[in-house]
1. Applying 1/(1 + (r/R0)^6) with R0 = 35 Å to the Cβ-Cβ distance of Leu117 and Asp152, what FRET efficiency is obtained, to the nearest 0.05?
2. Between the range 62-94 and the range 25-46, what is the C-alpha centre distance in whole Å?
3. Determine, from the Cβ-Cβ distance of Ile84 and Leu168 and an R0 of 25 Å, the FRET efficiency 1/(1 + (r/R0)^6), rounded to the nearest 0.05.
4. In the neighborhood of Ile52, defined by Cβ-to-Cβ distances under 15 Å, what is the net charge if each Lys or Arg adds +1 and each Asp or Glu adds -1?
5. Which value, in Å² rounded to 10, gives the accessible area of Lys114 with a 1.4 Å probe and all protein chains present?
6. Would you mind working out the accessible area per residue for the range 38-153, using a 1.4 Å probe, and quoting it in Å²?
7. Please work out how much accessible surface Asp135 shows to a 1.4 Å probe, ignoring ligands, DNA and RNA, in Å² rounded to 10.
8. Using 0.36 nm times the number of residues separating Asp66 and Arg142, minus their current alpha carbon distance, what extension gain do you get?
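The values are calculated or read from the model by the stated rules, or taken from the named source; none is laboratory data. Everything numeric in this text was worked out from a predicted model, so none of it was measured. No Cβ is skipped: glycine too gets one built from the backbone with ideal geometry, and neighbour counts run over all protein chains shown. Accessible surface areas use protein heavy atoms only, side chains included; no ligands, DNA or RNA. Shrake-Rupley method; radii C 1.70, N 1.55, O 1.52, S 1.80 Å.
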Amino acid sequence: MSPSAESSTATTPADGGALRPSGRRLPPRARKSMVVVHVVVSVSWLALVLCILTLATTALATDDADTLRSAYRAMGMLGDVLIIPLSLLTLLSGVVLALGTSWGLFRFYWVSTKFWLTLAATVASIFAFLARLHDAVHAVARHPAGPISAMDLGFIRYNMVIIPAVALLLYLANVVLSVFKPWGRRPVGPSASGHQRRRSQL
């Protein structure tokens, strides 16, 4: 969720867009190490969601009960092992990078937006998504044999597709924010707002 791959060279926006600050608070080696951590866990979180979405789509489309059971069991194993560490590491490493550079956490609209989106995704993944995964696993565990119609899955099959699909859209939105850095810098006070207005009139 952080500006992990951005250059630290300052530039002046032509249309009031995001500024690129020049200073660093983290030492260069520490910053690069944290960037590596952040990129690895962020990409891994995205890959995990893609895997779960693929399995969930397979379970929704299949008429074979054994395929559905295998898909939900695999989703449960992946979720139990990976969701909590990947989501927390993505959030924490992004916060460290934001606070450890001149970007800051709330100085730029796009950085603060990514923070809130990542925080929401982390909370939803740990407290809601995992619970829905467990519902699916328990549903098939109660019916180790028999057809899909006997499992009484209800809306579980659709939830298992909808939730990771929404999560994927959210992560892609974060990627877009990282690349385009929209909306510019947040005003820090009346004088800053006046200065920005004067610059926009030049």
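1. Rounded to the nearest 0.05, the efficiency is 0.50.
2. 23
3. Efficiency, from the Cβ-Cβ distance: 0.85.
4. Numbers: positive: Arg73, Arg132, Arg157; negative: Asp80, Asp135.
Cβ neighbours under 15 Å give a net charge of +1.
5. Surface accessible to solvent at Lys114 totals approximately 10 Å².
6. 44
7. It works out to around 60 Å².
8. 26.0 nm
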